[in-house]
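K.L.:
Below is the structure I would like to discuss, written out as structure tokens.
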Amino acid sequence: MCSPQFYQTKFSKSRIQLHIHLECSPHAPTIWEIAQNNNHKLPFKTLDEFKKECVTKEPSTLSNYLKPLAWYLPLIKGNCTAIERIAYEMAEQQAREGVVYSEVHYRPANLASIIRSDGLSSAETVTYRMVLELVTKGFQRAEQDYGIKARSLLNCGRENPDEAREVLSLCEEFKDKSVVGIGLSGPWIGPNQDLEGEEGLRKEVIEVFQRAAQLGIHRTAHTGEAGPPSSVDRHVKFLHVERIGHGYRAVDDEVLYQDLLKKGIHFETCPHSSYLTGAVPANCIKHPIVKLAEDSADFSINTDDPLFTGTTLDDEYRLLQKKGLKDFHIVRANFNAAQSCFLPPQEKKDLFDHLKNVYGITGNQFCNHLNNNFLTV
Ligand SMILES: [Zn+2]
């Protein structure tokens, strides 16, 4: 048997991330350089000022937290060199933080040069498919240079059925290659906007996710971050998601929470952003992630949006340790991530075996310290 201390020196390597957004992770100096090369004036005098303003300092709202996107996204959108570069650099950065495998969320719609539903087309068009190919190229380059494996988790917005259908067709085409699954994000702009986009689900988007399930495409959705527990329930029920992005509010409804535990729904948690978006009140006595850990729930620990949080994975782990997580909880979160990642079965098994090897865990030790379920992968 090994003590919890055994893991203390071990979790600096072979981490797994399942929830980090490509659009919200570019390096500030890269954006600054792209702006200068394109004679684009960012509304800041210096790089330092830009970098500082991108980070949300105090708990705020989701929309305020995401505000920096408007400053720089137009610079990346439709810019092939920039898209490949930010994909490469974000994978490189994760490798530096000890990540060996990462599922990277992004909306191709945010990076493509047209909104497909407008029916526009031109020789200069950067399509969703091209975005995926550029990101894949960046990831492959990082894999060669740093050994990190990164895969695309293609997100679509709640508000746009055309986008959802196009994303689904890419997921189908690139399944078990560069794309591991489909995700749902973005604010709701329909009649339920007072709920910050979490309650409303369009019929057409539900159909896309149901089709994804039939096709064996893995599914996750942002929910329970700004919206109430009922939104988590709806996302799980109607979209057939296997994982949820954030999901903190689910712990407020004990019946729902127990049901999610029973179903083995994985929570992609992001400690710093949970405060900065206002999803978890700063004065909350027990952070929902601590509850998930204590209840042996299936959860992972992620950075979400490093440019807006200003954090690394170490910072995320440290915050949770301050809130009461033990080292073995953090190790277990990494094993959870391996178990609930969307890789094809053999690659998943290889990743899991790699983790066991790195952390020096044999079958029996695993049973004693983590959870029997982990052995079923
Ligand atoms: Zn997210």
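The values are calculated or read from the model by the stated rules, or taken from the named source; none is laboratory data. Computed from a predicted model, the values in this text were never measured in an experiment. Neighbour counts run over all protein chains shown; Cβ positions are idealised from the backbone, glycine included. Accessible surface areas use protein heavy atoms only, side chains included; no ligands, DNA or RNA. Shrake-Rupley method; radii C 1.70, N 1.55, O 1.52, S 1.80 Å.
K.L.:
For the list (1) within 16 Å of the ligand (Cβ to nearest atom); (2) at pLDDT below 95; (3) under 15 Å from residue 154 (Cβ atoms), I need the number of the one condition that residue 205 fails.
P.N.:
Result: residue 205 fails condition (1) only.
K.L.:
Based on what the data block shows, is residue 245 among the small types (Gly, Ala, Ser) and closer than 30 Å to residue 31 by Cα?
P.N.:
So residue 245 fits the description; yes.
K.L.:
Another question, then. For region 214-229, indicate whether the set of residues that are closer than 22 Å to residue 154 by Cβ, open to solvent by 10 Å² or more (accessible area, probe 1.4 Å), among the aliphatic types (A, V, I, L, M) and modelled with pLDDT of 90 or more is non-empty.
P.N.:
Yes, the conditions are met somewhere in region 214-229.
K.L.:
Can you work out which of the residues in region 164-191 that are at pLDDT below 95 and open to solvent by less than 70 Å² (accessible area, probe 1.4 Å) is farthest from the chain's Cα centre (by Cα)?
P.N.:
For region 164-191, the residue satisfying everything is 190.
Yes/no matrix, rows are residues, columns are (1) open to solvent by 60 Å² or more (accessible area, probe 1.4 Å); (2) away from the ligand (no atom under 16 Å from the Cβ); (3) assigned to a loop (DSSP other than H, G, I, E, B):
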| residue | (1), (2), (3) |
| --- | --- |
| 50 | no, yes, no |
| 53 | yes, yes, no |
| 72 | no, yes, no |
| 83 | no, yes, no |
| 102 | no, no, no |
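K.L.:
Would you check if there is a residue in region 55-67 being farther than 25 Å from residue 142 by Cα, crowded, with 20+ Cβ neighbours inside 10 Å and not β-branched (Val, Ile, Thr)?
P.N.:
yes
Each row is one residue, and each column tells you yes or no for (1) at pLDDT 95 or above; (2) closer than 30 Å to residue 89 by Cα; (3) surrounded by 18 or more Cβ atoms within 10 Å (Cβ to Cβ); (4) under 19 Å from the mean Cα position of the chain (by Cα).
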site	(1), (2), (3), (4)
235	no, no, yes, yes
253	yes, no, no, no
262	yes, no, no, no
270	yes, yes, yes, yes
285	no, no, no, no
301	yes, yes, yes, yes
305	yes, yes, yes, yes
309	yes, yes, yes, yes
329	no, yes, yes, no
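K.L.:
Can I ask one more? Tell me yes or no: at least one residue of region 12-28 is at pLDDT 95 or above and either assigned to a helix (DSSP H, G or I) or open to solvent by 70 Å² or more (accessible area, probe 1.4 Å) (or both).
P.N.:
Checked region 12-28: at least one residue is at pLDDT 95 or above and either assigned to a helix (DSSP H, G or I) or open to solvent by 70 Å² or more (accessible area, probe 1.4 Å) (or both).
K.L.:
Could you tell me whether region 122-129 includes any residue that is touching a residue at least 40 places away in the same chain (Cβ under 8 Å), closer than 20 Å to residue 17 by Cβ and either within 16 Å of the ligand (Cβ to nearest atom) or open to solvent by 10 Å² or more (accessible area, probe 1.4 Å) (or both)?
P.N.:
The answer is no; no qualifying residue exists.
K.L.:
Output the residues belonging to region 219-241 that are in contact with a strand residue (DSSP E or B) (Cβ under 8 Å, 6 or more places away or on another chain) and either within 16 Å of the ligand (Cβ to nearest atom) or among the acidic types (Asp, Glu) (or both).
P.N.:
Matches in region 219-241: 219, 220, 221, 222, 223, 224, 225, 231, 232, 235, 239, 241.
K.L.:
If you take the residues in region 242-278 that are touching a residue at least 12 places away in the same chain (Cβ under 8 Å) and among the β-branched types (Val, Ile, Thr), which one is farthest from the ligand (Cβ to nearest atom)?
P.N.:
251
K.L.:
Report the residue count in region 241-250 for those that are modelled with pLDDT of 95 or more and surrounded by fewer than 24 Cβ atoms within 10 Å (Cβ to Cβ).
P.N.:
1
K.L.:
Within region 352-368, can one find any residue that is crowded, with 19+ Cβ neighbours inside 10 Å, at pLDDT 80 or above and touching a strand residue (DSSP E or B) at 6+ places or on another chain (Cβ under 9 Å)?
P.N.:
Within region 352-368, one or more residues are crowded, with 19+ Cβ neighbours inside 10 Å, at pLDDT 80 or above and touching a strand residue (DSSP E or B) at 6+ places or on another chain (Cβ under 9 Å).
K.L.:
Right, another one. Are there any pairs with C-beta distances below 6 angstrom linking a residue in region 220-235 that is within 13 Å of residue 270 (Cβ to Cβ) to a residue that is away from the ligand (no atom under 11 Å from the Cβ) and part of a helix (DSSP H, G or I), with the two at least 6 apart or on different chains, and if so which?
P.N.:
From residues that are within 13 Å of residue 270 (Cβ to Cβ), the pairs are 224/232; 224/248; 224/249; 224/250.
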